[in-house]
1. Cut-off is 10 Å between beta-carbons; in what order do 61, 10 appear when sorted fewest neighbours first?
2. Using a 10 Å cut-off around each Cβ, can you sort 69, 37 from fewest to most neighbouring Cβ atoms?
3. Let me have the relative contact order for the chain, percent, based on Cα pairs under 8 Å that are six or more residues apart.
4. Can you sort 49, 56 by how many other beta carbons sit within 10 Å, fewest first?
5. Can you pull the percent of Cα pairs in the chain with separation above 13 Å?
Ligand SMILES: [Zn+2]
């Protein structure tokens, strides 16, 4: 479980760690420069290798928010 919380419909810079010991990304931390929070609850970073959800370690609200065109 993660104790990071999100406000809905905003962009964050997020770091997330793969906690799947069977994955070659295990214990690697990934940086997501523009992570959209959707409804603020269903905020997941999925590993591209094992397809499991990573643990979100940090989330920094982008200020200013990126332009959405
Ligand atoms: Zn993985």
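FYI, it's all coordinate maths here, none of it is from the lab. Since we're looking at a predicted model, the values are computed, not measured. Ideal geometry is used to build each Cβ from the backbone, glycine not excepted, and the neighbour counts take in all protein chains shown.
1. Fewest-to-most Cβ neighbours within 10 Å comes out as 61, 10.
2. Ranking 69, 37 by Cβ neighbours within 10 Å, fewest first, gives 69, 37.
3. Relative contact order, the chain: 42 percent.
4. So the residues, fewest neighbours to most, are 49, 56.
5. Result: 62 percent of Cα pairs exceed 13 Å.
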